[in-house]
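Take a look at the structure below.
The values are calculated or read from the model by the stated rules, or taken from the named source; none is laboratory data. Everything numeric here is computed off the predicted structure, so don't read it as measured data. Glycine gets a Cβ as well: all are built from the backbone with ideal geometry, and neighbour counts include every protein chain shown. Protein only, heavy atoms only, side chains kept; ligands, DNA and RNA dropped before computing areas. Shrake-Rupley method; radii C 1.70, N 1.55, O 1.52, S 1.80 Å.
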Amino acid sequence: MPKVKITALGCYTPPRLLTNSDLEKMVATNDQWILERTGIHERHIADPEMATSDMAVEAARCALAQNGVDASELNAILVCTVTPDHMFPSTACLVQDRLGARGAWGFDLIAACSSFVYGLTVGAHLVAAGTHRKVLVIGADTMSRIIDYTDRATCILFGDGAGAMILEPVADGEDCGFIDFLGEIDGSGAPFLNMPAGGSRLPPSHETVDKRLHYVKQDGGQVFKYAVRKMYESCRDLLQRNGFTGDDVAIMIPHQANIRIINAASDRLGIPPEKVLVNIDRYGNTTSGTIPLATRDAILQGRLKKGDLVLFAAVGAGYTVGTSLWRWAY
Ligand code: UT7
């Protein structure tokens, strides 16, 4: 079976910024609390006419341009998102049409903040099966559409953004690409982070709108404790079963939900801060966008180079947990 590598990466964030001082004018909060409790300084917010597929297409075009891949060469498109343009058709279909990717099939993948790590793994297995040569995996979320900007406990956390990676087979003799994935879901965590209405359980009604049930609800403390424990345990187990320790990791690229989650997990793994990518200060939590946006920054900062061992790690609503190890290809 061919091995699989990431050959390109593109990102998009909308230009408009929502800073902590902007939020101070909207809810009872302050810059110091937000920075100390979350590490976030500002987030990017999409203008009203921009939807998730629009950001996804921008990120995808950037990835395709990076190594001159024509959209018609794509065999599959996976869009990881909790904020699709519609319940159906899938955002993957809208992206496929806009890109002109006539040879691709695809679908949307929902695993909340773990979506991109799951999408990369599914895409890697399509390529490893030998049936696909070019798979486009996009993480894109317009979180601002499902955030209650009167709820200070959640509105400070999230931002909008997208990133895309292209997966292709590794050439003979190349030592790079996908190594392993560890995933776990635990639905007992569902009550602690969810969007209650809009699905088949609570379809939209005047009542659901009046009760603000189409917004993200979170028990932050519960999710925080679970995220710290699982990000650590999942990374530890994945490293152990592949014969690695934290010392072998060139860079850990964690989901960006809270600086304190990242610090606690990486500290327990023995991975020092200089080997952990943090950009939550500038983007907040973009859900499916965090891992590609952080990977882009790792490359730009010269902290991720060909041959490096990279550890992706995410925990999110569900609960969902996903961790994967790659040897970087370019
Ligand atoms: O990516 C998806 C997964 N999500 C996560 O990983 C998020 C996990 N949770 C968290 O990041 C944190 O729990 C939060 C950042 C959401 C909250 O931080 P915390 O340290 O857990 O604060 P808390 O909820 O325990 O609240 C502490 C205090 C409360 O006041 P009292 O009850 O002690 O008087 C809150 O009402 O801080 C208050 N508070 C705020 N104060 C100023 C809550 N939000 C704010 C705010 N500004 N924005």
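Points worth noting:
- Tally of residues being within 16 Å of the ligand (Cβ to nearest atom), surrounded by fewer than 19 Cβ atoms within 10 Å (Cβ to Cβ) and part of a strand (DSSP E or B) across region 8-34: 1
- Among the residues of region 207-226, those that are in a helix (DSSP H, G or I) and of a type in the set (Asp, Glu) comprise Glu207, Asp210.
- In summary, Pro84 fulfils each of the numbered conditions (1) modelled with pLDDT under 95; (2) within 15 Å of the chain's Cα centre (by Cα); (3) not aliphatic (A, V, I, L, M) with the single exception of condition (1).
- Test: Asp47 is in a loop (DSSP other than H, G, I, E, B), of a type outside the set (A, V, I, L, M) and loosely packed, with under 14 Cβ neighbours inside 10 Å: yes
- Filter pass, Glu73 being in contact (Cβ under 8 Å) with a residue 60 or more places away in the chain, in contact with a strand residue (DSSP E or B) (Cβ under 6 Å, 6 or more places away or on another chain) and surrounded by fewer than 22 Cβ atoms within 10 Å (Cβ to Cβ): no
- Taking (1) within 16 Å of the ligand (Cβ to nearest atom); (2) outside any loop (DSSP other than H, G, I, E, B) in turn, Lys5 satisfies each apart from (1).
- Candidates Arg133, Arg152, filtered to the one that is charged (D, E, K, R), within 16 Å of the ligand (Cβ to nearest atom) and farther than 22 Å from Thr320 by Cβ: Arg152
- Scanning region 312-328 for residues that are closer than 19 Å to Asp175 by Cα and open to solvent by less than 10 Å² (accessible area, probe 1.4 Å) returns Phe312, Ser324, Leu325, Trp326, Trp328.
- Filtered residue count, region 108-129, keeping only those that are in contact with a helix residue (DSSP H, G or I) (Cβ under 6 Å, 6 or more places away or on another chain), under 20 Å from Leu94 (Cβ atoms) and part of a helix (DSSP H, G or I): 2
- For region 149-206, a residue qualifies if it is closer than 20 Å to Asp108 by Cβ and either assigned to a helix (DSSP H, G or I) or open to solvent by 60 Å² or more (accessible area, probe 1.4 Å) (or both), and the qualifying residues are Ile185, Gly187, Ala190, Met195, Ser200, Arg201, Pro203, Pro204.
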